[in-house]
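Data block below; observations after.
Just so it is clear, none of the values below were taken in a lab; they were calculated from the coordinates. Worth saying up front: this structure is predicted, and the values here are computed from it rather than measured. FYI the Cβ positions are ideal-geometry reconstructions off the backbone, even for glycines, and counts take in every protein chain you see.
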Amino acid sequence: MAWQTPENLKYTQNDEWFDPETGRSGITDYAQDQLSDVVYVEFLVDVGDEVQKGDSVATVESVKAAADVYAPVSGKVVEINTDLTDNPEWVNEDPYGKAWMIRLEPTNPEEMNELMDAEAYAQYCEERE
Amino acid sequence: MSEKKIREPLLIELSIPGRRGVRFPEPDVPQAQLPEHLLREDLPLPEVSEVDVIRHFTRLSQYNHAVDTGFYPLGSCTMKYNPKINEDMARLPGFAYIHPLQPEETVQGALALMYHLQKYLAEIVGMPGVSLQPAAGAHGEFTGILIMRAYHRDQGEHQRNKVLVPDSAHGTNPASSAMSGMRVVEIPSDERGNIDLVALKKECDETLAGLMITNPNTLGLFEEHIEEVVNAVHEAGGLVYGDGANLNAFLGIARFGDMGFDIVHLNLHKTFSTPHGGGGPGSGPVAVAEHLKDFLPGPIVDIVEEGDPPTYGFVWPKKSIGRVKAFYGHFGVMVRALTYILMMGQEGLRKVAEMAVLNANYLRVMLQDTYHIPYNRLCKHEFVAEGRWPDAPDIKALDISKRLMDFGFHPPTNYFPLIVKEALMIEPTETESKATLDAFIAAMKQIAREARENPEVLKTAPHNTPFGRVDEVKAARELILTWHDWSTVDSRRSIVDSR
Amino acid sequence: MFVPHTPEEIQEMLRAIGVEKIEDLFADIPEKFRHPKQIDLPPPMTEMEVAEELQHLAEANDNVRDHLLCFLGAGAYYHYIPSVIDHILRRGEFYTAYTPYQPEISQGTLHAIFEFQSMVAALTGMEVANASLYDGATAVAEAVNMAYHVFRGKRPKSVLSPFIHPQYLATVRTYYEHSDREVVVPDLPVEASPEALIEFIDDRTSLVMVAYPDFFGRLYDLQAVADAAHEKGALFGVVANPLALALFKAPGEYGADMVVAEGQPLGIPLSFGGPYLGIFTTRKKLVHKMAGRLIGESVDSRGQRVYVMTLSAREQHIRRARATSNICTNNALMALAATVYMALLGKEGLREVALLNYHKAHYAAQRLSQIQGFELAFPDVPFFNEFVLKTPSSVKDINDFLLDHDILGGYDLSQDFPQLDRHMLLAVTEMISRDDIEFLAEVLEEWVA
């Protein structure tokens, strides 16, 4: 099984991705596959909130599982993809595109070095199968 | 939506304006004035006749699998036979037609019944204090955790807010703890399916409120180091909570109290033969050791005046946590459970556990060559097999479950406990005969063959049931939760009419 | 009796397992805990004997059908239960089934619960109902919990009317004492209307909840308090008597966000306090925070309309410690009773029973308040089938006298409201005839004399 792991993104151990370019984040292809069909996305933060790396920012539910989504880095929430609330299936269809979840303005760019690159993350996914 | 085929209409589709199912007498008093500004305009309920109602619900009932229709080896649910006499007893006018707030002198029979049930349950688990108030297992757990907290606070130990829960526990255990504001820490299981003692001891500190443990655990295995586990928790000042969901495993053979448990809850709807009702009502009495009796939820029944017969009444434990529901609990369920206990006696209850364990081990041994059983040792009332094979990569536990329906069996519990992949949790109970078990074994073996030879028949199962596999994703995404959620009820009615 | 094994079968099974005797199956239980001293239980009885024993216990109670004329309500009501209901409940296919986890072989239960959800939503004027909770008291407790979670703990306070059933309030206190949920039950004069709660609502409040009718049987227009709650961003909740809703404005019309109820009046016997039925409804946008099972419509692989448990990821078996509620087994069979009751009575029948209750209670109120020394405590407030009567001396004394005449008198309010010493709460349902009311009046007159 191979999952998409775009080269330009950074990854967390909890299967979130982060785009250093745009500040957007979401959950990975591997995560959506594990969850199966996503039926509900709920955001736990508001625009303007300051979050620490690892804070819960959203919850994703499928018919058989529920998962918390954590902030990949610390920062200020500048945008939330509220369209996801009505279109939870995007998480399965396009996890790195339409299903971005929040956009952050990182407050501690150092933290980005702690994230995995695409190659390391792809390997991390394989290891767990 | 209109493309769905309809096997049984909904009441609203059967409704014809002007139909009546029942009539009431004309008022024999003058009509009082109604407060116009508070009245509702419309009551959008169906209008059907008595025959409509009877046929509708009778047909619906025939779409259910139930203990009365066939084998129901649903692990952790103890789907044993529900004696019919229980139902008759609960409906005696002297039980069904008494008001919970009647003066105690007019309900001495009901109070005596509750008193004796408290006493017998106390005997069975070996713990002196019992409250019958909790309405179900999870409610009993929550009550138990509140007792735990009240006890620690009474001891001046407000910092004890951590509850340990093994990773094999029912979801209600961590949920009940969290709901009472406790911090939940999960403890892993070791390779024999016991609680990991090293991990447990690491968490035994001055913040420990207690441990919630199911014994035998959800793998159906008796906790081999139970004494050490209990001692470790007690030495750290914590309490041991027993989830009695699996009491069928050692009823009349061993007692929680003798093993040092401080609090347990029992499921009358599992162990004591009261029916599950399609999802309740259950009853989850809580039993406690001597030092916790004062904290039980009130009121409980006691003898308030000795005599022959004695006078029974409601009393409040001295430091009671308060009440956890209105009135006294599910009395109707208590009547059924007492009827059962009286019929079984000590001998009968022991026989229940013996045959439940015999049946489970028989199934385990007969299936162990066909299904991988990850913790394969002497089990108690249930065991957990894996529903997957390396040489049938597409088959999941779910497919096996759905295929079992074609043989007239209810599937085992799926995907629980979480520590076994593709889990099939099998609990036959004592009321099933060897013939039934042999038929189940044959079906399970046939399914294992099909998984290799004709996997499609599993993937598309069930075939012989009135309904096929259900699209759960569609249900969750569309969220049609009432018939008002249909955009066009009228167009549907025409579908029904033209069938 | 319920164990079918023959000695030969037992031997055969033991051999298959590879052990010699039954005791060997329990070898994993430490010896010292095995086979305790004799457990003190009576010797086993046959069905014939147990039936006699239980009959004996049942007969030791004075029941409201055969012995006592019942004017007692206070959260549990003696209503007529049409015969059909128990015939359905006694179908083994319904009552010996488990929670409908496997939809392909549980459509009976699932379809019926969907109908329950639909009719409860209609009755309360709400969008969504769950498959049931334990009772009215725990439904109020779950409402407090849900409101807390809707605001993710940022609004810890719930304001509950002091005229919600005292046992419901007690239950809520037990649930949340020492937790971070703050339960405020203002100490109001008994004459206070729901608007008196408004001053207690602030931006820390997640829920404002009132009873409808309240514990004293009174009905108020709820618009002002509902609007005040919403204005502060809080949710508005109502705990209702479902039978009253057949006649009176549904709380949904006032904009309620949650309506909960004790469903016992809908075809469930008194049964000494349980099992009853917790009704819980809310708005669709809040459904993800609701406790309990929920049934949704879908389609099966053969294109048939089917029902299935949905949004399960809210629940404890998936979310474990992160679930909103721990509820698992609920009161499904009681929900079935209410479903059959609502179906059978339907639009007209339910209204008819509600009207019977209303008229009889009002006639009784008028008749009893003519007796010297008795008067209505709240004469200007509309009520449904329950009202408070001021009595010339202690309710207990009066009730003792009534009991001597086989009348089960009203609830003694001084138990919960010290200021309502000498106040009795009476319930009058369709089971009470005009003659019964006359008899009660005459006995009270006799007592006065």
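Things worth noting here:
- Remark on residue A:27: its backbone amide H falls under 5 Å from those of A:17, a criterion applied only to residues 5 or more positions apart or on other chains, H modelled at 1.01 Å from N.
- Magnitude of the charge dipole for the range B:85-344, about its Cα centre and with charges confined to Cβ atoms of Lys, Arg (+1) and Asp, Glu (-1), is about 720 debye.
- Selection from B:10, B:277, B:482, by position along the positive dipole direction of chain B (Cβ): B:10
- The alpha carbon centroids of the range C:195-243 and the range B:329-388 are separated by 49 Å.
- Residues whose amide H comes within less than 5 Å of that of residue C:67, counting only those at least five positions distant or on another chain, are absent (H built at 1.01 Å from N in the peptide plane).
- Förster-model FRET efficiency, 51 Å R0, residue C:231 and residue A:114, C-beta, rounded to 0.05: 0.65
- Counting other Cβ atoms within 10 Å as a rough exposure proxy, the listed residues B:243, C:214, C:135, C:416 run C:416, C:214, B:243, C:135 from fewest neighbours to most.
- In chain B, the calculated helix contribution to ellipticity at 222 nm averages -10500 deg cm²/dmol per residue, counting -39,500 (n - 2.57) for every DSSP H run with n ≥ 4.
- Coil-residue GluC sites (Glu not before Pro) of the range B:272-314, DSSP, other Cβ within 10 Å capped at 11: B:306
- Summing charges over all other residues whose Cβ lies under 14 Å from the Cβ of residue C:64, with Lys and Arg as +1 and Asp and Glu as -1, gives -4.
- When only Cα pairs below 8 angstrom with a gap of at least 6 residues are kept, chain B shows a relative contact order of 18 percent.
- Pairwise centroid distance, computed over Cα atoms, of the range B:234-280 with the range B:71-120, Å: 19 Å
- Each of A:25, A:80, A:112 was placed along the dipole of chain A (beta-carbon charges, centred on the mean Cα), and the one lying farthest toward the positive end is A:80.
- Candidate aspartates and glutamates for bridging to residue C:396, where Cα separation is under 12 Å - those fewer than 8 sequence places away on the same chain excluded: C:412, C:421
- Phi angles across the range A:112-119 convert, under the Karplus curve 6.51 cos²θ - 1.76 cosθ + 1.60 with θ = phi - 60°, into 3J(HN,Hα) values of 4, 5, 7, 7, 7, 8, 4, 5 Hz, Gly and Pro given as x.
- Taking chain C as a Gaussian network of alpha-carbon nodes connected by springs under 10 Å, the highest mean-square fluctuation of the residues C:73, C:153, C:217 belongs to C:153.
- Long-range HN-HN contacts of residue C:421 with modeled amide H, under 5 Å: none
- Residue-by-residue Karplus 3J(HN,Hα) for the range C:365-377, coefficients 6.51, -1.76, 1.60, Hz, glycine and proline x: 4, 5, 5, 6, 6, 7, 6, 4, x, 9, 8, 6, 6
- Listed residues B:324, B:129, B:56: farthest to the positive end of the dipole of chain B (Cβ charges): B:56
- Counted by neighbouring Cβ atoms within 10 Å, the residues B:120, B:340 run from fewest to most as B:120, B:340.
- Cross-link partners of residue B:445 among lysines (Cα-Cα below 17 Å; sequence separation of 8 or more within a chain): B:396, B:402, B:434, B:459
- Estimated purely from DSSP H runs of n ≥ 4, each contributing -39500 (n - 2.57), the mean residue ellipticity at 222 nm for chain C is -11000 deg cm²/dmol once divided by its residues.
- Check: chain C dipole with +1 on Lys, Arg Cβ and -1 on Asp, Glu Cβ, in debye: 2280 debye
- Note on the protein assembly as shown: with charges restricted to the Cβ of Lys and Arg (+1) and Asp and Glu (-1), its dipole about the Cα centre is near 1240 debye.
- Highest average first, the peptides B:385-397, C:292-304, C:172-184 ordered by how many other beta carbon atoms sit within 10 Å of their residues are C:292-304, C:172-184, B:385-397.
- Reachable aspartates and glutamates from residue B:4, criterion Cα separation under 20 angstrom, eight or more residues apart if same chain: B:13, B:471, B:472, B:478, B:485, B:490, B:497, C:104, C:115, C:297, C:300
- Among the listed pairs B:421/C:154; B:380/B:474; A:64/B:270; B:474/C:285, those whose Cα-Cα separation exceeds 28 Å are B:421/C:154; B:380/B:474.
- Calculated SAXS-style log₁₀ I(q)/I(0) at q = 0.10, 0.11, 0.12 Å⁻¹ - chain C, Debye, Cα scatterers: -0.82, -0.95, -1.08
- Comparing A:86, A:117, A:37 in a Gaussian network model of chain A, where Cα atoms under 10 Å apart are tied by springs, the biggest mean-square fluctuation is seen for A:86.
- Each of C:56, C:5, C:317 was scored by other Cβ atoms within 10 Å of its Cβ. Listed from fewest to most, they are C:56, C:317, C:5.
- Where both bridge residues fall in the protein assembly as shown, DSSP classifies roughly 65% of the beta bridges as antiparallel.
- Value at 222 nm in deg cm²/dmol, rounded to 500, when DSSP H runs of n ≥ 4 in chain A each add -39,500 (n - 2.57): -4500 deg cm²/dmol
- Mean-position separation - Cα centroids, the range C:261-331 and the range A:72-86, in angstrom: 31 Å
- Across B:80/B:351; B:5/C:289; A:53/B:201, pairs whose alpha-carbon gap is larger than 23 Å: B:5/C:289; A:53/B:201
- Mean shadow area of chain B over all directions, Cα convex hull, nm²: 29.9 nm²
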